[in-house]
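The values are calculated or read from the model by the stated rules, or taken from the named source; none is laboratory data. Since the model is a prediction, treat every value here as computed from it, not as a measurement. A quick note on method: Cβ atoms are made from the backbone with ideal geometry, for glycine too, and the neighbour counts reach across all protein chains shown. Side chains are part of the model used for accessible areas, which takes the heavy atoms of the whole protein and leaves out ligands, DNA and RNA. Shrake-Rupley method; radii C 1.70, N 1.55, O 1.52, S 1.80 Å.
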Amino acid sequence: MRVMVVGSGGREHALAARLRASPQVSDLICAPGNGGTARIARNLPVNVEDVNAIVQLARTELVDFVVVGPEAPLVAGVVDALTEAGIPAFGPKRAGAQLEGSKAYSKEFMRRHGVPTAEFAVFEELAAARSFVEQSGRAWVVKADGLAAGKGVIVAEDVAETLDALERMLGQREFGQAGARVVLEQRLRGQEVSYHIVLDGQRYLPLAAAQDHKRLGDGDRGPNTGGMGAYSPPPVVTPEVEQRILSQVVEPTVKGLISDGLDFRGTLFIGLMIEDGQPRVLEYNTRFGDPETEVLMARWGGDILPLLLGAASGDLSQVTPRWDAAVALCVVLAAPGYPGNIRKGLPITGLDVAAGIPGVMVAHAGTQLQDGVVQTSGGRVLCVTATGDQIDEVADRAYQAVAALHFDGMQYRRDIGHHARRAPC
């Protein structure tokens, strides 16, 4: 089978590595891929937001199955277009992808279907939003309605910060059209958890829980990022808590998708806040999370292709998730300046040494090959993932690999998995 993975990040590298190991995959294409996927697949250039170009590439390469990684092509309707062209694809169609494409739409979906979430309000006019915040007298989380590469969320600490965030989004249009409408959301307390389910339109399979680290600095300080690391499983998701997630969040969400006629086939990432054992939904993403995918794929046992094909074909009845690794943890290495203005083109050393450590995989996120040298090309550059039997052992192994890697200005957190670990590395 000829398989094409659309995307260029660590998520796509992790998925491609699993697909490369499938005995059913005879040819693997990454479009456009990165410096890491070039070692395991054929990288072919494509603009991931150009739906027609993706379909044309799949046709030209006689691709049998497409796995769509990022959210932008999903929201743009790439699965609709591939389906019309007779090419099976993993991921929801445009209608289902709106659960991520519009935060206002997703919050209304939650309210309509009784999914527990935070109090919220939606605004397009700066004056009305300012008046609402001033009358409330408290801080709010300010979210750009549209796609903002994981950076369109400002967690304000007080009224002044909330008003400043509104000015940046609605006044200055810092996030462009994505911030032309904003969602003001009550700030929830507790621990954030990433929970993935894979759906085939009617059935769903829950995957292992994970915990992402959004803040740039140790101790969950600094600006929000696309994710500085993750681990699985988080201890806050006890069997009792997971049962509540399934009964109170997943079941009404899946029933809502079916009743709304969305025929959702792909991954639904549910961002949760757990407080006193009770889950509430922060957001939906309609694809695998990043860097959560790196830890989930590291723990996954066996062939990943049946899961992806089963969802796309509408039949997951023969698939059972298997987790071979008890624990996985990944550390993201970010470029200097991230999450703001970054430096690119920095040579990376130590890749072979790090990857040679048993139980370690180095997923490339923002890299490129230039004259045979792997260089930085994005904000999040590498994701160093280790597996093992317990969290401290795994964290030690991951940070051992991190120590072998270098590029100028490399920044990373030293406390990934801190809710579960005894001490930072």
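General remarks:
- With respect to the conditions (1) of a type outside the set (Ser, Thr, Tyr); (2) open to solvent by 10 Å² or more (accessible area, probe 1.4 Å); (3) in a loop (DSSP other than H, G, I, E, B); (4) at pLDDT 95 or above, residue 288 lacks only one, and its number is (2).
- Residue in the stretch 259-280 that is surrounded by fewer than 16 Cβ atoms within 10 Å (Cβ to Cβ), modelled with pLDDT of 95 or more and closer than 17 Å to residue 316 by Cβ present: no
- Boolean, residue 406 is in contact (Cβ under 8 Å) with a residue 40 or more places away in the chain and in contact with a His (Cβ under 8 Å, 6 or more places away or on another chain): no
- Unmet criterion (only one of (1) touching a strand residue (DSSP E or B) at 6+ places or on another chain (Cβ under 9 Å); (2) crowded, with 16+ Cβ neighbours inside 10 Å) for residue 221: (2)
- Figure legend. Inter-residue proximity from the stretch 1-20: first residues within 14 Å of residue 291 (Cα to Cα), second residues of a type in the set (Ser, Thr, Tyr), beta-carbon distance below 6 Å, spacing 6+ or different chains. Indicated pairs: 11/293; 13/37; 14/293.
- Boolean, residue 256 is open to solvent by less than 10 Å² (accessible area, probe 1.4 Å), within 17 Å of the chain's Cα centre (by Cα), touching a residue at least 60 places away in the same chain (Cβ under 8 Å) and under 30 Å from residue 315 (Cβ atoms): no
- Those strands (runs of 3 or more DSSP E) lying entirely in the stretch 341-425 with at least 1 residues modelled with pLDDT under 95 and out of contact with any Lys or Arg (no Cβ under 8 Å at 6 or more places or on another chain): 367-370, 373-376
- Residue match in the stretch 344-360 (condition: touching a residue at least 24 places away in the same chain (Cβ under 8 Å), crowded, with 19+ Cβ neighbours inside 10 Å and in contact with a helix residue (DSSP H, G or I) (Cβ under 6 Å, 6 or more places away or on another chain)): yes
- The one condition from (1) farther than 23 Å from residue 275 by Cβ; (2) at pLDDT 90 or above; (3) part of a helix (DSSP H, G or I) that residue 111 does not meet is (1).
- Among the residues of the stretch 312-336, those that are over 30 Å from residue 86 (Cβ atoms) and open to solvent by less than 40 Å² (accessible area, probe 1.4 Å) comprise 325, 327, 328, 329, 330, 331, 332, 333, 334, 335, 336.
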